[in-house]
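Visitor: Handing you a structure now.
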Amino acid sequence: LAKAKAIRNMESEEEEEEVEDGSGSPEEWSNVVRELQAKLEDLRTCSELIAKHGGALQRALGELEINVDAESAQGKSKAVQERATLFRIASNAMMNSCTDYLNMALNHGHKWTRLLQHEREQRQRLQEMVETLAQQHSKLEQAAAANAHRPDDEDENEFYDAIADGTNSRTSVPEKPNYPLNLWSIVKNCIGKDLTKIPIPVNFNEPLSMLQRLTEDFEYAEILTTAARCEDACEQLAHVAAFTISSYSTTSSRNGKPFNPLLGETYEFDRTEDLGWKVLNEQVSHHPPMVAQHCVGRDWTCWQEFTMTSKFRGKYLQIVPLGIAYLEFASGNKYSWRKVTTTVHNIIVGKLWVDQHGDMEITGRGAASGIKCILKFIPYSYFSKESQRRVKGAVMDGNGKVTWIINGTWDDKVEISKVTGISGSEENPVYETGSPIVAWKCRKLDPMAQKYYNFTLLACQLNESEEGVAPTDSRLRPDQRLMENQMWEEANKEKVRLEEKQRAVRRQREAETEQAAQSGQPYKPYEPIWFKQVKDEETGGVIHKYTGNYWECKSHQDWSKCPDIF
């Protein structure tokens, strides 16, 4: 289709291209600019001459009025005539130069207008072709999916029952409707913009908020329980590295966008009885969007401040996390790290796929001060000899000596190996290691998970309704619940209502701030409900730290501090 349209366009434009051959070349544009600059310089010269001769003529007329003597007046009259002649010549030159400049500008202006219109038409045709390709690709995927699930094949499909732990019994969510979507029509005018500022309908979301999505970092929190039992800090750090890698495992098959949390929105997830940890998240800032998280497990506590920058580049979307994550064990060993860059490919045409890449440094603090781990997430490459989604790294003690080697992939498993010897040169050392230990192994998805957003069992349970949560909890967000229940049209309307309500509150807050400033009265800015800003004694930066009274308020069902955001 694209080839046929291109041939027709070429045939219809041949005559126009012959007439305007080279009209769009950089050399011609440069020559035109130089000519216009020369004409403009002539205009400046004529202007200076007019000013000069005009001044002289004015002075001569003044002298003529002052002198009353007939002989003297006759001489001055002659001088006035001469200056008037020079002024007329300069004026004529000015008008001629203006005419030349105008004619040249009009001549090339018409040509550039045609070129601009031509480029606009070409861009429009390209957009139509890309849009057509996207639609055809979507139809092909739907047809392929329909063929893959024909009634004839039902006997060959195996169904697995997921075992529910504790009180969370939900094992799946309502299936994702198979609606044809046209992402290009939404994002074509958003190239280069921040993702968080692009209004995207719920059709491209998954029925979870970003607060719930961050909770999935603890999908494999049992690794931290293992790490807490390690007596050697370097071995413990190797397990911590495996935990940080495991938090990316669900991104390999998930391509839905989580809901952007509203300011003041919270999410709690208490799995102390069965999984041994509980977490609280809160959206503490809207511009820039920032989430504060606090999780307590057996013999460990983890907290982080998650914020990011994101840019849509046309073919791919890049997300760069900016916050810092902290982990502290009961032993006093403390660690911190930053997440790596996430890139989503094939935004317009093709199947979406996610890649993680960049370097991560896990730094030991407190009782573990001095040790560190360097992890390298190798970017995807067609020509790389490495296995795809590869992660490798090393743990170093306080003297910079490598003690543990880390190797694996962020979507399957991670092995750690203790260094037993070193050979080779100092520039290219070869590490001898003991038998590898599987520090993390990814749990396989349910065979039918593709029908419900490729959610893991834990992800399916995140939005399960629960009594007694705060009125700001993500489970109570109406647009997200409607979207989960396949009511997409109603969900989009509700999403617009919630966003407008949030804007109205922000405008009111800005108006009150301005009014307080004008009257000289102090105005207290917005403060989070369950977190407060404090100075990090080790890094010197300001972070949001948990105030420690959420679970007490929940036990008394005292939600008086919670705003009305839904």
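Visitor: Restricting attention to helices (runs of 4 or more DSSP H) lying wholly within the range 148-258, give those where 1 or more residues are among the hydroxyl-bearing types (Ser, Thr, Tyr) and modelled with pLDDT under 90.
Guide: 184-187
Visitor: Inspect all residues belonging to the range 524-537 and state whether any of them is in contact with a strand residue (DSSP E or B) (Cβ under 6 Å, 6 or more places away or on another chain), more than 26 Å from Trp551 (Cα to Cα) and surrounded by 15 or more Cβ atoms within 10 Å (Cβ to Cβ).
Guide: So far as the range 524-537 goes, no, none of its residues is in contact with a strand residue (DSSP E or B) (Cβ under 6 Å, 6 or more places away or on another chain), more than 26 Å from Trp551 (Cα to Cα) and surrounded by 15 or more Cβ atoms within 10 Å (Cβ to Cβ).
Visitor: When you look at Ile348, is it at pLDDT 95 or above, at negative phi, under 26 Å from the mean Cα position of the chain (by Cα) and β-branched (Val, Ile, Thr), yes or no?
Guide: no
Visitor: Name every residue in the range 433-453 that is open to solvent by less than 40 Å² (accessible area, probe 1.4 Å) and within 24 Å of Ile406 (Cβ to Cβ), in order of residue number.
Guide: Gly434, Ala439, Trp440, Cys442
Visitor: Please determine whether any residue of the range 319-328 is farther than 27 Å from Pro429 by Cβ, assigned to a strand (DSSP E or B), in contact with a Cys (Cβ under 9 Å, 6 or more places away or on another chain) and of a type in the set (Asp, Glu).
Guide: Scanning the range 319-328 turns up at least one residue that is farther than 27 Å from Pro429 by Cβ, assigned to a strand (DSSP E or B), in contact with a Cys (Cβ under 9 Å, 6 or more places away or on another chain) and of a type in the set (Asp, Glu).
Visitor: Write out, first by first residue and then by second, each pair whose Cβ atoms fall under 7 Å of each other, whose residues are 6+ apart or on separate chains, and whose first residue, in the range 336-360, is closer than 12 Å to Thr244 by Cα and open to solvent by 30 Å² or more (accessible area, probe 1.4 Å) while the second is at pLDDT below 95 and in a strand (DSSP E or B).
Guide: Close Cβ pairs satisfying both conditions: Arg338/Pro321; Lys339/Pro321.
Visitor: Suppose we keep only residues that are under 23 Å from Asn549 (Cα atoms) and hydrophobic (A, V, I, L, M, F, W, C) within the range 454-474. Which one would you say is surrounded by the fewest Cβ atoms within 10 Å (Cβ to Cβ)?
Guide: For the range 454-474, the residue satisfying everything is Val469.
Visitor: Looking at the range 380-422, which of the residues that are out of contact with any Asp or Glu (no Cβ under 7 Å at 6 or more places or on another chain) and among the hydroxyl-bearing types (Ser, Thr, Tyr) is most open to solvent (accessible area, probe 1.4 Å)?
Guide: Tyr382
Visitor: Given the criterion touching a residue at least 60 places away in the same chain (Cβ under 8 Å), closer than 27 Å to Ser47 by Cβ and either open to solvent by less than 70 Å² (accessible area, probe 1.4 Å) or among the acidic types (Asp, Glu) (or both), identify the matching residue among Ala79, Ala105, Ala84, Ala93.
Guide: When all the criteria are applied, what remains is Ala105.
Visitor: What are the residue pairs meeting all of these: first residue in the range 537-553, first residue closer than 20 Å to Leu280 by Cβ, second residue modelled with pLDDT under 90 and open to solvent by less than 30 Å² (accessible area, probe 1.4 Å), Cβ atoms under 7 Å, and 6 or more apart or on different chains?
Guide: That search, which allows pairs on different chains as well, returns Ile543/Asp536.
Visitor: Within the range 431-469, count every residue that is assigned to a loop (DSSP other than H, G, I, E, B) and touching a helix residue (DSSP H, G or I) at 6+ places or on another chain (Cβ under 7 Å).
Guide: The total comes to 8.
Visitor: May I ask you to say which residue of Tyr220, Tyr248 is open to solvent by 10 Å² or more (accessible area, probe 1.4 Å), under 24 Å from Gln461 (Cβ atoms) and of a type outside the set (S, T, N, Q)?
Guide: It is Tyr248.
Visitor: Pick out the one residue from Gln81, Gln37, Gln58, Gln74 that is of a type outside the set (D, E, K, R), at pLDDT below 70 and farther than 30 Å from Leu126 by Cα.
Guide: It is Gln74.
Visitor: Then there's this: Just the residues that are within 16 Å of Asp411 (Cβ to Cβ) and basic (Lys, Arg), please, taken from the range 377-399.
Guide: Across the range 377-399, the qualifying residues are Arg389, Arg390, Lys392.
Visitor: Do you know which residues across the range 374-408 are at pLDDT below 90, polar (S, T, N, Q) and in contact with a Ser or Thr (Cβ under 9 Å, 6 or more places away or on another chain)?
Guide: Across the range 374-408, the qualifying residues are Ser387, Gln388.
Visitor: Within the range 475-504, how many residues are among the small types (Gly, Ala, Ser) and either surrounded by fewer than 20 Cβ atoms within 10 Å (Cβ to Cβ) or free of Cβ contacts under 8 Å to residues at least 24 places away in the same chain (or both)?
Guide: Residues meeting the conditions: 1.
Visitor: Here's a follow-up. Taking Trp277 and the conditions (1) in contact (Cβ under 8 Å) with a residue 60 or more places away in the chain; (2) more than 21 Å from the chain's Cα centre (by Cα); (3) open to solvent by less than 40 Å² (accessible area, probe 1.4 Å), which numbered condition does it fall short on, given that it satisfies the others?
Guide: (1)
Visitor: Among the residues that make up the range 538-557, is at least one of them of a type in the set (Gly, Ala, Ser), surrounded by fewer than 19 Cβ atoms within 10 Å (Cβ to Cβ), closer than 30 Å to Ala367 by Cα and over 27 Å from the mean Cα position of the chain (by Cα)?
Guide: Checking the range 538-557: at least one residue is of a type in the set (Gly, Ala, Ser), surrounded by fewer than 19 Cβ atoms within 10 Å (Cβ to Cβ), closer than 30 Å to Ala367 by Cα and over 27 Å from the mean Cα position of the chain (by Cα).
The values are calculated or read from the model by the stated rules, or taken from the named source; none is laboratory data. Model, not experiment: these values are computed from the prediction. All Cβ positions, even for glycine, are placed from backbone atoms using ideal geometry, and neighbour counts span all protein chains on display. Calculation scope for accessible area: heavy atoms of the full protein, side chains included, ligands and nucleic acids excluded. Shrake-Rupley method; radii C 1.70, N 1.55, O 1.52, S 1.80 Å.
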